[in-house]
Amino acid sequence: MGNKLGSRRQVVDERYTRPQGLYVHKDVDHKKLRKLIRESKLAPCYPGGDECGCDHEECPICFLYYPSLNRSRCCMKGICTECFLQMKNPNSARPTQCPFCKTSNYAVEYRGVKTKEEKGLEQIEEQRVIEAKIRMQQQGLRDEEERMQKRLELSSSSTHIAAGEVECGSITVPSYRSPEESEEILSSQYSIRHSPQPTINRDDEFDLDPEEIMVMEAILRSIQVIFHNCT
């Protein structure tokens, strides 16, 4: 895979053996960095471009294009040298996680410029990933549509049940009584309607106190009102 240069020194322009200013690198040992680049253990620090060239690769960290990138040993993802130095200083012994697959002890290797075969395989793999994501999104939309349909069906059925309960509640259920109970009710109603109204003997009015007469008349009117309402 790639143009493996091994320990052979590659001819690199001296200006590409040091960072190009993409980041501020304070703790970088420039002599060690120069040695790693000249021994083909790290990609040269080419200046990144904003537009994709014919044979350029995009760094997924800074989104700039370079003639070649380093390869992550864990997942083979590309990364430019300056982004790698920003994440893992060669002078630091502290372990670093891969920014792509989160594998510990992150390390890279330089394999040179990709061949056409490698680029073709990567394009096929990227196309498969894109198609898989599209299928997942479509499946998610179908699942969401089914859930919404079920919610609408449940809501509709609940509305029909509630309407049926209201209609049943408005129906007057007839009461069933025995003939004896009905006869007693009729006789009691008849006795109330036709009960004789109390009368006051006018001859005794003169023997009563005026206040008692007023009280009796008020009671009489109340009784008459009650009988009138009953009839």
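The values are calculated or read from the model by the stated rules, or taken from the named source; none is laboratory data. The structure presented is a predicted model; accordingly, all values stated were derived computationally and were not measured. Because the Cβ atoms are built from the backbone with ideal geometry, glycine has one as well, and the counts that use them run over all protein chains shown.
Observations on the structure shown:
- Among the residues of this structure, LYS119 does not count as one that is loosely packed, with under 15 Cβ neighbours inside 10 Å and assigned to a loop (DSSP other than H, G, I, E, B).
- Of ARG135, ARG147, all but one fail to be among the basic types (Lys, Arg), modelled with pLDDT of 85 or more and either assigned by TED's automatic domain parsing to the domain that holds GLU58 or over 28 Å from LYS77 (Cα atoms) (or both); the exception is ARG147.
- Whenever a residue of the stretch 62-73 is under 15 Å from MET87 (Cα atoms), its partners that are in a loop (DSSP other than H, G, I, E, B) and among the charged types (D, E, K, R), lying with C-beta atoms within less than 6 angstrom and at least six residues away or across chains, give the pairs ARG71/ARG111.
- Criterion violated by SER68 - all others in (1) within 34 Å of the chain's Cα centre (by Cα); (2) in the same structural domain as ARG34 (by TED's automatic domain parsing) satisfied: (1)
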